[in-house]
1. Tally time: how many residues in region 103-137 are β-branched (Val, Ile, Thr), touching a Leu at 6+ places or on another chain (Cβ under 9 Å) and crowded, with 18+ Cβ neighbours inside 10 Å?
2. Name the single residue, out of those in region 44-86 being in a helix (DSSP H, G or I) and loosely packed, with under 14 Cβ neighbours inside 10 Å, that is modelled with the lowest pLDDT.
3. Quick one: residue 98 ticks every box in (1) under 24 Å from residue 117 (Cβ atoms); (2) modelled with pLDDT of 95 or more; (3) surrounded by 16 or more Cβ atoms within 10 Å (Cβ to Cβ) except a single one, so which number is it?
4. What's the total number of residues in region 1-53 that are free of Cβ contacts under 8 Å to residues at least 24 places away in the same chain, among the β-branched types (Val, Ile, Thr) and under 20 Å from residue 87 (Cβ atoms)?
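The values are calculated or read from the model by the stated rules, or taken from the named source; none is laboratory data. The structure presented is a predicted model; accordingly, all values stated were derived computationally and were not measured. We place every Cβ from the backbone using ideal geometry, glycine too, and count neighbours over all the protein chains shown.
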Amino acid sequence: MVAECIETLRRAGIAYDDATALRRIAMTLHRWHELECGSDSGAVERDETTGKTYWVNAMTGKRFPCADRERGALKRLEKIISEHNKRLVAAGTHGQALGYYVQGDPRGASLYILRPGDVPEGAEVDAYYSRGLAVYK
């Protein structure tokens, strides 16, 4: 299953190292989304004013600062996609620029790589993201 995910990304023109990094990013985002939904022991929350993340204990309601794994994953994701698209332009190839969509429901894939044509012109990506390449565990 892992090999299928990587190979699908490779066929889309993504380098092997970037494909494996995208898979790791997808796993990080998936776990983060699970923690946002919460468990019996608590949940992750982001302070809307400061942007800092906290673990909220379900028993006591106390908040404890925690690492913001989502922000780092999104930063790495943006860099990979941006660098991929820059390489296409620099090489003068007619390859297609990629985009991405992060889906926050932990019941499915957390990351989709979007190719031109996956989302119809003028349409909302929220309604068509599943036409993209799902990056899964």
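1. The first filter runs over region 103-137 and keeps only residues β-branched (Val, Ile, Thr), leaving 113, 119, 125, 135.
Applying the additional criterion that residues be touching a Leu at 6+ places or on another chain (Cβ under 9 Å) yields 113, 125, 135.
If we keep only those that are crowded, with 18+ Cβ neighbours inside 10 Å too, we end up with 113, 135.
Residues meeting the conditions: 2.
2. First pass over region 44-86, keeping only residues in a helix (DSSP H, G or I): 69-86.
Add one more test, that the residue is loosely packed, with under 14 Cβ neighbours inside 10 Å, and what stays is 71-72, 75, 78-79, 82-83, 86.
On the way: 71: 96, 72: 97, 75: 98, 78: 98, 79: 98, 82: 95, 83: 94, 86: 91.
Filtering region 44-86 for residues that are in a helix (DSSP H, G or I) and loosely packed, with under 14 Cβ neighbours inside 10 Å, the one modelled with the lowest pLDDT comes out as 86.
3. Of the numbered conditions (1) under 24 Å from residue 117 (Cβ atoms); (2) modelled with pLDDT of 95 or more; (3) surrounded by 16 or more Cβ atoms within 10 Å (Cβ to Cβ), the odd one out for residue 98 is (2).
4. Residues that pass the stated criteria total 2.
So that you can scan it fast, the table gives a plain yes or no per residue for (1) aliphatic (A, V, I, L, M); (2) under 18 Å from residue 72 (Cβ atoms); (3) surrounded by 16 or more Cβ atoms within 10 Å (Cβ to Cβ); (4) in contact with a helix residue (DSSP H, G or I) (Cβ under 7 Å, 6 or more places away or on another chain):
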{"residue": "1", "(1), (2), (3), (4)": "yes, no, no, no"}
{"residue": "4", "(1), (2), (3), (4)": "no, no, no, no"}
{"residue": "9", "(1), (2), (3), (4)": "yes, no, yes, yes"}
{"residue": "16", "(1), (2), (3), (4)": "no, no, no, yes"}
{"residue": "24", "(1), (2), (3), (4)": "no, yes, no, no"}
{"residue": "28", "(1), (2), (3), (4)": "no, yes, yes, yes"}
{"residue": "39", "(1), (2), (3), (4)": "no, no, no, no"}
{"residue": "42", "(1), (2), (3), (4)": "no, no, yes, no"}
